[in-house]
Amino acid sequence: MTTPKPADLQFAPTPEPLSPLLATQPQLAVPLSYLQTVAGTLQIGGKSMQQIADVLGQQRFYAYDRQAITQKIRQLRSKMPAQLKLHYAIKANPYLPVVQHVGTLVDGFDVASQGELLLALQTGMSAAKISFAGPGKTDAELRAALTAGCCVHIESVGELHRLCAIASQCGQIATIALRVNPEFELKAAGMKMAGGAKAFGIDQQQVLALLPKLSAMPVQLVGFHLYCGSQNLQADAILQTQQQIMQLLLQLLPLCPTALQFVNLGGGLGVPYYSSDRAVDLDKLAEGWAELFEKLPAELQQLEFILELGRYLVAEAGVYACKVVDIKQSHGQTFVVCNGGMHHHLANSGNFGQVIRRNYPVAFADKLDQPLVAAVQVVGPLCTPLDVLADKIQLPKAEVGDWFVVLQSGAYGATASPQAFLGHGVVAEILL
Ligand SMILES: *Cc1c(COP(=O)(O)O)cnc(C)c1O
């Protein structure tokens, strides 16, 4: 575990508070713009954490707010030009009720395994609107996508040849998109997934060489896919990447054997987690998109463009809730010990790709209107010092039985955590 820098220990109040709650709860820093509070109590779907626990019969859980998801997606879509479509990347939150709900608000799903493919199909989303990306697709997965009728996003030359062999065996033409690893990268992304040597996509130069050969293969090329990175809060950087993609397309299109249908522009829109983060400037994105699509070269005007987002659509709508079971003192520090921790929420513990551990926005769910009294350590039940829920965090006075919540937790939570570690049992989920 990395030691937090002193600057991360104290949260300065945000210059532009989003909610009056921030006056008493500066550690919340950013969120609660999509969630409801009633008399100092956080609610998800109109229920307090205790009410949700009663309904679930579980004392720690992820709760997702249906209305918040709807609001977030509608807000984004109101800023998108008509030529830009929206897909949901299921890996961010594959909880079936969430996927089903999001499916009613987006134009398609992106999946990255046979499991996700099955889930997507069972929501009733048409197979033609499901794209299957991800490195290392097995023959069984390629066959599943082909048989289901999904578009396979090809990640390597070898994968293309394996798919061709399977398509020939089945007497079918496979619908494919080529995922391109471009020579540029997404600036300011929290996690870069393109530019340079990467496991994802086919290098731009190899794609140029491959395109003329496709007409001899049992495939129909319908699109390109460029996914450059994740958790980006900078509208300028996102727009710049999309402009670079348009330029690259002008090189690729003349080499395509048939007319393309779509280009998946990736996404990468992030959400604010830490006190220094600011939400993506949607108005700036909207302006940039309007200009980008107004000035679209004639060759690109018949194409559909797709934004594929995971985190941005669902993260703010979810919380992880657990209960205080013990409070102890050690060498002058107060430890608040909860019945849940990093085995349920790895990202919050700082071990999901973060370089420095910083606190997510956290609170006692029923004490939002109470003053902060002391800096405490909030830890989980695992026998490892990695199991930190919040480090040196200012909170109201803690009592055994309090509901502790981690906000901004609707993405990369339950399925992105080592739930079997130490045998404390799996976490419940609910969409309300
Ligand atoms: C992970 C991933 C996404 C979703 O990323 P978010 O940061 O959650 O929006 C989208 N597309 C691809 C190809 C991915 O690998």
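The values are calculated or read from the model by the stated rules, or taken from the named source; none is laboratory data. In this text the structure is predicted, and so the values were computed from the model without any measurement. Every residue, glycine as well, gets a Cβ built from its backbone with ideal geometry; the counts of neighbours run over all protein chains shown. Areas reflect the complete protein model, heavy atoms only, side chains present, ligands, DNA and RNA absent. Shrake-Rupley method; radii C 1.70, N 1.55, O 1.52, S 1.80 Å.
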### Query
Given springs between every Cα pair under 10 Å in a Gaussian network model of the chain, which of Asn93, Asn264, Asn351 has the largest fluctuation?
Asn351
### Task
Take the Cα pairs of the chain, get the Kirkwood Rh, then feed it into Stokes-Einstein at 4 °C and 1.567 mPa s and tell me D in µm²/s.
57
### Query
Under 18 Å from the 7 Å Cα→Cβ point of Thr104, by amide nitrogen: which residues of region 60-79?
64-77
#### Entry: Near-label residues of region 150-178 by backbone N, under 17 Å of a point 7 Å along Cα→Cβ of Asp139
158-172
### Message
Could you work out [θ]222 nm for the chain from helices alone, using -39500 (n - 2.57) per DSSP H run of at least four and dividing by all its residues? Round to the nearest 500 deg cm²/dmol.
### Response
-7000 deg cm²/dmol
### Task
Arrange the peptides 172-178, 336-342 so that the one whose residues have, on average, the most other Cβ atoms within 10 Å appears first.
336-342, 172-178
### Task
Using Cα centres only, tell me the gap between region 159-209 and region 363-385 in whole Å.
45
### Message
Nearest 10 degrees is fine. How inclined is helix 66-77 to the longest principal axis of the chain, computing both from alpha carbons?
### Response
50
### Message
As I understand it, the value is the acute angle between the Cα axis of helix 139-148 and the longest principal axis of the Cα atoms of the chain; what does it come to in degrees, rounded to 10?
### Response
80
#### Entry: Potential extension, Met191-Val55 segment - 0.36 nm per residue separation minus Cα distance
45.2 nm
### Task
Provide the per residue accessible area, probe 1.4 Å, for region 94-309, rounded to a whole number of square angstrom.
40
### Task
Report the semi-axes of the equivalent ellipsoid for region 225-366 in whole Å, largest first, where each axis is √(5λ) for an eigenvalue λ of the Cα gyration tensor.
44, 15, 13
## Note on the structure
Candidates Gln231, Gln394, Gln354; GNM for the chain (alpha-carbon contacts under 10 Å) flags as most fluctuating Gln354
### Query
Looking at this model, which pairs from Lys72/Lys323; Lys85/Lys187; Lys72/Lys284 are more than 20 angstrom apart at the alpha-carbon?
Lys72/Lys323; Lys85/Lys187
### Query
Classify region 99-161: rounded, prolate or oblate, from the alpha-carbon gyration tensor (a ≥ b ≥ c, eigenvalue square roots; a/c under 1.5 rounded; otherwise prolate if a/b is larger than b/c)?
prolate
### Task
Rank Cys164, Cys322, Cys151 by mean-square fluctuation in a GNM of the chain with C-alpha springs under 10 angstrom and give only the top-ranked residue.
Cys164
### Query
Fully extended, how many nm does the chain gain between Thr258 and Val373 (0.36 nm per residue separation, minus their Cα-Cα distance)?
34.8 nm
### Query
Which residue, chosen from Val427, His331, Gln302, occupies the Cα position most advanced towards the positive end of the dipole of region 292-432, where the dipole is computed from +1 (Lys, Arg) and -1 (Asp, Glu) charges on Cβ about the Cα centre?
His331
### Task
State to the nearest 20 debye the size of the charge dipole of the chain about its Cα centre, where the only charges are +1 on K and R beta carbons and -1 on D and E beta carbons.
300
### Message
Using a 1.4 Å probe on the protein heavy atoms, what percent of the accessible area of the chain belongs to carbon and sulfur?
### Response
54
### Using θ = phi - 60° and Karplus 6.51 cos²θ - 1.76 cosθ + 1.60, couplings along region 105-110 (whole Hz; Gly, Pro as x)
10, 10, 9, x, 10, 10
### Message
Between helix 235-252 and the chain, what is the angle of the helix's C-alpha long axis to the longest principal axis, kept within 0 to 90° and rounded to the nearest 10?
### Response
20
## Note on the structure
Among region 172-195, those whose backbone N falls under 15 Å of a label point 7 Å along Cα→Cβ from Lys295 are none
### Message
With the cut-off at 1.5 for a/c, could you classify region 94-309 from its C-alpha gyration tensor as rounded, prolate or oblate?
### Response
oblate
## Note on the structure
Each label sits 7 Å from Cα toward the beta-carbon; between Gln172 and Leu432 the label points are separated, in nm, by 4.2
